[in-house]
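Following: one structure in structure tokens, then a few remarks.
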Amino acid sequence: MDSLLKHMVDMTGHRDHAMLDVSVIAAVQELAAAAQTRVLSVFTFGGLPYVRPRASIEAGGRARIHEPLDGATPDLPLTALPELAGCLAARETSAEAVAADGTRTLWLPIWFGEKADTCLEIVRGAPFPEQTIHMVAGIVGVYRNFQNLLDYSERDSLTGLLNRKTFEDQLARMLQCPHEQEPPLPGQPERRQHHAQEKQWLAVVDVDHFKLVNDTFGHLYGDEVLILIANQLQAAFRAQDRVFRFGGEEFVVLLRSTTLENARRIIDRFRANVEAHDFPQVGRVTVSVGFVSISPYDSPVVTLGHADQALYYAKTHGRNQVCHYDELIERGLLQTVASNDTAEFF
């Protein structure tokens with residue numbers, strides 16, 4: 001009981017999703033005497049469901065976080081785990097599989113309403129005692145509630161995107177590991193031949209003439225435009241990328257490791273999708289985007305400032321376009337501006 005209480009205190013002391021994941025698998029690993037415990041993300045890519053390890057621990061080892069860039073943890077089609085797939089389809093609370101050698105795997109989806117995008121996986125060499133399942137179920141309940149609280153604090157109430165106050169931490173993580181390799185896209189062969197050409201990217205998105213939308217149609221339709229653009233952002237970018245509502249009609253995207261041309265293609269596809277969309281009552285809406293590569297030698301203030309400069313150029317030279325900061329500098333269309341990188345972000 002003392003051990004259980006200790007783990008509960010540890011879990012409820014975190015204000016970060018990654019550390020909460022580490023706490024829950026450490027608790028379950030000990031209490032279930034498991035061979036391995038993992039937190040899995042469940043997501044859809046190209047219309048097909050996949051799972052990706054988010055954190056894991058093995059017997060005698062230490063818990064570790066799997067960043068989306070971790071090439072050692074490729075995505076797995078959900079069809080490779082038929083018991084889990086059936087559990088999710090039937091909206092059940094657990095599923096179990098027994099291997100030929102007697103090894104048992106227990107999956108516990110974390111349900112939020114009708115959706116489960118997180119699942120706890122516990123592997124054990126013997127059957128799960130009823131008392132163990134009871135304790136683990138209690139931990140899962142606390143974990144679900146805290147995930148919900150953290151999610152609520154990190155997300156914008158209107159669009160459901162990550163909010164501005166989570167941006168600095170996410171960018172800092174990218175600056176700490178800018179050259180790690182990411183796994184290939186689900187179902188795709190490894191396609192990187194010149195890894196040095198790949199970088200992380202920051203894009204700033206601004207809705208063109210948004211004030212006119214609010215003034216002409218009212219704030220309710222303006223809010224609907226923002227919600228629909230947020231949906232377009234989530235559809236256009238990859239599972240490993242991060243999308244934020246930065247404030248007002250401005251959004252920020254952190255793109256994981258990719259080439260300049262691929263980053264431009266992904267961003268411009270989003271821009272074109274917005275342009276082609278018929279917004280209720282409002283009709284046609286466009287966005288302008290400025291983007292820049294993320295350098296570990298630049299501060300967050302400098303990086304965001306460069307993307308803002310590229311965005312400003314797009315806004316003042318026709319709008320409805322994507323501009324890359326370094327290309328504008330090389331062409332002499334922008335001047336580098338000295339930035340006070342000690343300035344406060346917020």
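The values are calculated or read from the model by the stated rules, or taken from the named source; none is laboratory data. Predicted model only: the values in this text are computed from it and were never measured. Here the Cβ is made from the backbone with ideal geometry for all residues, glycine too, and neighbour counts use every protein chain on show. Areas reflect the complete protein model, heavy atoms only, side chains present, ligands, DNA and RNA absent. Shrake-Rupley method; radii C 1.70, N 1.55, O 1.52, S 1.80 Å.
For the stretch 239-270, name all the residues that are open to solvent by 20 Å² or more (accessible area, probe 1.4 Å), in contact with a Lys or Arg (Cβ under 8 Å, 6 or more places away or on another chain), farther than 22 Å from ASP326 by Cβ and of a type outside the set (Gly, Ala, Ser).
If the condition is that a residue be open to solvent by 20 Å² or more (accessible area, probe 1.4 Å), in contact with a Lys or Arg (Cβ under 8 Å, 6 or more places away or on another chain), farther than 22 Å from ASP326 by Cβ and of a type outside the set (Gly, Ala, Ser), then ARG245 is the only one that fits.
Quick check, is TYR221 hydroxyl-bearing (Ser, Thr, Tyr), open to solvent by 60 Å² or more (accessible area, probe 1.4 Å), more than 18 Å from MET174 (Cβ to Cβ) and not in a loop (DSSP other than H, G, I, E, B)? I'd like the intermediate steps shown before the answer.
Numbers: hydroxyl-bearing (Ser, Thr, Tyr): yes; open to solvent by 60 Å² or more (accessible area, probe 1.4 Å): yes; more than 18 Å from MET174 (Cβ to Cβ): yes; not in a loop (DSSP other than H, G, I, E, B): yes.
Yes; evaluated as a whole, the condition is true for this residue.
Which residues, taken from the stretch 272-289, are of a type in the set (Gly, Ala, Ser), in a strand (DSSP E or B) and farther than 14 Å from GLU249 by Cα? It would help to see each step written out before you state the result.
We begin by selecting, within the stretch 272-289, every residue of a type in the set (Gly, Ala, Ser); these are 272, 276, 283, 288.
After this cut, where a residue has to be in a strand (DSSP E or B) as well, the list is 283, 288.
Matches in the stretch 272-289: GLY283 only.
Could you grab me the full set of residues in the stretch 32-55 that are at pLDDT below 90 and either open to solvent by less than 60 Å² (accessible area, probe 1.4 Å) or on the phi > 0 side of the Ramachandran plot (or both)? Let's see the steps before the verdict.
Let us first name the residues in the stretch 32-55 that are at pLDDT below 90, namely 43-48.
Within the stretch 32-55, PHE43, GLY46, GLY47 meet the criteria.
Taking only pairs six or more apart or across chains, which ones have beta-carbon atoms under 6 Å, a first residue in the stretch 15-36 that is among the polar types (S, T, N, Q), and a second residue that is at pLDDT 90 or above?
If the second residue must be at pLDDT 90 or above, the pairs left are GLN29/THR37; GLN29/ILE57; GLN36/GLU58; GLN36/VAL123.
Would you say LEU233 is surrounded by fewer than 17 Cβ atoms within 10 Å (Cβ to Cβ), in contact with a Phe, Trp or Tyr (Cβ under 9 Å, 6 or more places away or on another chain) and within 27 Å of GLY305 (Cβ to Cβ)? Spell out the reasoning first.
Numbers: surrounded by fewer than 17 Cβ atoms within 10 Å (Cβ to Cβ): no; in contact with a Phe, Trp or Tyr (Cβ under 9 Å, 6 or more places away or on another chain): yes; within 27 Å of GLY305 (Cβ to Cβ): yes.
When the stated conditions are applied, LEU233 does not pass them.
Could you run through the stretch 152-169 and say how many residues are in contact with a Phe, Trp or Tyr (Cβ under 8 Å, 6 or more places away or on another chain) and either in a helix (DSSP H, G or I) or modelled with pLDDT under 75 (or both)?
5
When residues of the stretch 271-310 are filtered for being of a type in the set (Phe, Trp, Tyr) and surrounded by 23 or more Cβ atoms within 10 Å (Cβ to Cβ), how many remain? Walk me through it before giving the result.
Initially, the stretch 271-310 is screened for residues of a type in the set (Phe, Trp, Tyr), giving 279, 291, 297.
If we keep only those that are surrounded by 23 or more Cβ atoms within 10 Å (Cβ to Cβ) as well, we get 291.
Residues meeting the conditions: 1.
Condition first: touching a residue at least 60 places away in the same chain (Cβ under 8 Å), part of a helix (DSSP H, G or I) and touching a Leu at 6+ places or on another chain (Cβ under 8 Å). Now tell me which residues in the stretch 235-266 satisfy that.
Restricting attention to the stretch 235-266, the residues satisfying the condition of being touching a residue at least 60 places away in the same chain (Cβ under 8 Å) are 238-240, 242-247, 251-252, 254, 256-260, 263-264.
Then drop every residue that is not part of a helix (DSSP H, G or I), which leaves 260, 263-264.
ALA263 - this is the single residue of the stretch 235-266 that is touching a residue at least 60 places away in the same chain (Cβ under 8 Å), part of a helix (DSSP H, G or I) and touching a Leu at 6+ places or on another chain (Cβ under 8 Å).
Does GLY318 satisfy being farther than 21 Å from ALA235 by Cα, small (Gly, Ala, Ser) and without any contact (Cβ under 8 Å) to a residue 12 or more places away in the chain?
Values: farther than 21 Å from ALA235 by Cα: yes; small (Gly, Ala, Ser): yes; without any contact (Cβ under 8 Å) to a residue 12 or more places away in the chain: yes.
Judged against the criteria, GLY318 is a match.
List, please: which pairs have Cβ atoms under 7 Å, are six or more places apart or on different chains, and start with a residue in the stretch 290-301 that is under 13 Å from GLU198 (Cα atoms) and modelled with pLDDT of 90 or more and end with one that is among the β-branched types (Val, Ile, Thr) and surrounded by 20 or more Cβ atoms within 10 Å (Cβ to Cβ)?
VAL292/THR303; ILE294/THR303
With LEU106, LEU84, LEU78 as the choices, which residue is out of contact with any Asp or Glu (no Cβ under 9 Å at 6 or more places or on another chain) and open to solvent by less than 60 Å² (accessible area, probe 1.4 Å)? Give the steps one after another, and end with the answer.
Working: LEU106 fails: out of contact with any Asp or Glu (no Cβ under 9 Å at 6 or more places or on another chain); LEU84 fails: out of contact with any Asp or Glu (no Cβ under 9 Å at 6 or more places or on another chain).
Just a single option satisfies the conditions, and that option is LEU78.
Starting from residues that are modelled with pLDDT of 95 or more and not β-branched (Val, Ile, Thr), keep the ones in the stretch 110-124 and report whichever is most open to solvent (accessible area, probe 1.4 Å). Let's see the steps before the verdict.
Of the residues in the stretch 110-124, the ones modelled with pLDDT of 95 or more are 119-124.
Filter once more, so that each one left must be not β-branched (Val, Ile, Thr): 119-121, 124.
Numbers: CYS119: 1, LEU120: 2, GLU121: 10, ARG124: 39 Å².
Only one residue tops the list, namely ARG124.
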